[in-house]
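Any read-out appearing in this document is the output of simple, stated calculations on the displayed coordinates, not a laboratory observation. Keep in mind the model is a prediction, meaning the values are calculated, not measured. FYI the Cβ positions are ideal-geometry reconstructions off the backbone, even for glycines, and counts take in every protein chain you see.
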């Protein structure tokens, strides 16, 4: 049974999703979870892109060394000396450092973007791999836009990259152009014709522009690929990447067909999905395979009757297999601290300090005053929000609003800062708009709201509301999150979360150069 390596690029390609801006603390938190999940490689970032990205990759390299001696930490670099040297410096503290270097190989990219001849592209690729090899033993080489490249040119450049010392060759369908049978045939062709390829890993990196990222990746595996590059929840450039949870569970559930295995602890999949969704603000659709809210839900009477008699009638895998609870965690206002701590442990949240548990317990009690039953989903949301909270420069003390048919919404907010307590009122197109205007008046910070999303955590009329927003301020894009049974209050908390992140220097430049988003 062959081992298929899982190369996770959530923190690099995933973070390049429009509107996503993670701070270093959030990236390290995700990286630690990826290590617990059991991925083979974590692509931690693009060190040359910014000082913040460089520092995040360094911190992840250090953190993962203490978390797992098995996991490889990779930094991405264009085929340029400055990129490679910066990546080498960023990953040098990792237990197993990798430099992942790339150059475009399709005719349109070579002519229009690089303005280089094919011979020059091969020369630059060899120079890049050789330089990277002088820093680390583990070098991955990617042919950007391989899906639209001449297969014989790919044979040539991969042959030279392997001779120069590449230990992994990556075949990206960068723009999601290929069909599964085409991609599988390309992998088979390379495997049959590239000298020395039997001594290196063949990697897939498929985008989802035509909805084929997962099946293309599996077609690559079927034809000899030994590594799959993917992201949690399938996030990434444009329509995203191959979804880690779908690739892994396809291999796991259909071992009878694939005959392959991964090192993934599938019981950590759902927790990983929730963490990434919460921190990036990219919510998971209810019908998303494996991790969506409806993935293990049955409403049809026929289906309900079937699963009551035998789960396998309509479930090809159990919720517990991917770390989901089949029932509701019954917790309420009469629950004590010991029961709460036990619930946290059962949900996988171990290693929390007494101070962290005390803060979470207070927030849990506050929630119990508003809800008759607190579910496991509610507790997960509380923990995920609290463990990545930044220092509270701004604290929301109170929010009040009036709204109704035929009247102008009016809102009042009271904020506490280091310089005192401020209260402002304002009107708006609705209660949320009025609250945001009032907060802006109180803080005098110009913020442009670029997206606003709301979802229910769990079910029922008293479900916890989760509001996620993205804003732009002073050239930075920042994501905020708020939780409350009152969605208007949750909206205010999301705005204050943004203010605190801005005060802490969180965020990234709103615009990114095109050449720093590949492969």
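How high is the relative contact order of the stretch 2-280? Use alpha-carbon pairs under 8 Å, at least six apart in sequence, and give a whole percent.
It rounds to 20 percent for the stretch 2-280.
Roughly speaking, what is the stretch gain from residue 210 to residue 370, that is 0.36 nm per residue apart minus the C-alpha to C-alpha distance, in nm to one decimal?
Extra length from residue 210 to residue 370 when fully extended: 53.2 nm.
Between the stretch 14-48 and the stretch 205-248, how far is it from one alpha carbon centroid to the other, in angstrom?
If we compute the Cα centre of each part, the gap is 17 Å.
Which percent, to the nearest 5, of DSSP beta bridges fully inside the stretch 2-280 are antiparallel? Kindly include the intermediate steps, with their values, before the conclusion.
On the way: 1 of 39 bridges.
Around 5 percent antiparallel, to the nearest 5.
When DSSP assigns beta bridges and you keep just the ones with both residues in the stretch 42-149, what percent turn out antiparallel, to the nearest 5?
Expressed as a percentage, antiparallel bridges in the stretch 42-149 total about 0.
Relative to the first principal axis of the alpha-carbon coordinates of the chain, what is the inclination of helix 376-387, with its axis defined by its Cα atoms, in degrees from 0 to 90 and to the nearest 10?
Computed tilt is about 80 degrees.
How much of the DSSP bridge set in the chain is antiparallel, in percent, rounded to the nearest 5?
Percentage antiparallel, nearest 5: 50.
By the gyration tensor of its Cα atoms, with a ≥ b ≥ c the square roots of the eigenvalues, what is the shape of the stretch 395-508: rounded for a/c under 1.5, prolate for a/b over b/c, or oblate?
oblate
How many nm is it between the label spots at residue 486 and residue 135, if each spot is 7 Å from the Cα in line with the beta carbon?
In this crude spin-label approximation the distance works out to 5.2 nm.
Relative to the longest principal axis of the chain, what angle (0 to 90°, nearest 10) does the C-alpha long axis of helix 118-133 take?
Helix 118-133 and the main axis of the chain meet at about 70 degrees.
Pull out the extension gain between residue 472 and residue 317, defined as 0.36 nm times the separation in residues minus the alpha carbon to alpha carbon distance; nm, one decimal.
51.6 nm
Using the basic label-point model (7 angstrom from Cα toward the beta carbon), what is the residue 395 to residue 283 distance in nanometres?
3.0 nm
In what sequence, highest mean first, do 403-412, 209-218, 460-469, 237-246 appear when ranked by Cβ atoms within 10 angstrom?
On the way: 403-412: 13.0, 209-218: 21.7, 460-469: 19.2, 237-246: 23.6.
Final packing ranking: 237-246, 209-218, 460-469, 403-412.
May I ask for the angle, rounded to the nearest 10°, between helix 337-346 and the longest principal axis of the chain, with both axes built from Cα atoms and the value confined to 0 to 90°?
Tilt relative to the chain: about 20 degrees.
To the nearest 0.05, what FRET efficiency results for residue 80 and residue 356 with a Förster distance of 41 Å applied to their C-beta separation?
0.45
Using Cα pairs under 8 angstrom and six or more residues apart, how large is the relative contact order of the stretch 395-508, in percent?
For the stretch 395-508, the relative contact order is 17 percent.
Tell me, in nm to one decimal, what length is gained between residue 92 and residue 188 on full extension, where the rule is 0.36 nm per residue of separation less the Cα-Cα distance?
Stretched out fully, the residue 92 to residue 188 stretch lengthens by 31.1 nm.
Relative contact order for the chain: what percent, with Cα pairs under 8 Å and sequence separation of 6 or more?
That works out to 12 percent.
Any chance you could check the Cα centroid distance between the stretch 463-503 and the stretch 74-117 for me, in angstrom?
A separation of 35 Å, based on Cα centres.
Using a simple spin-label model with points 7 Å from Cα along the Cα→Cβ vector, what separation in nm is obtained for residue 452 and residue 294?
2.6 nm
Between residue 123 and residue 363, take the C-beta separation as r, use R0 = 56 Å, and let me know the FRET efficiency to the nearest 0.05.
It comes out at approximately 0.45.
Sort 256-267, 67-78 by packing, meaning the average of other beta carbons within 10 Å per residue, with the highest value first.
Going from most to least packed, we get 67-78, 256-267.
Applying a 10 Å radius around every beta-carbon, put 283-289, 12-18 in order of their mean neighbour count, most first. Please report the intermediate quantities before stating the final value.
Values: 283-289: 14.4, 12-18: 22.4.
So the order, starting with the most tightly packed, is 12-18, 283-289.
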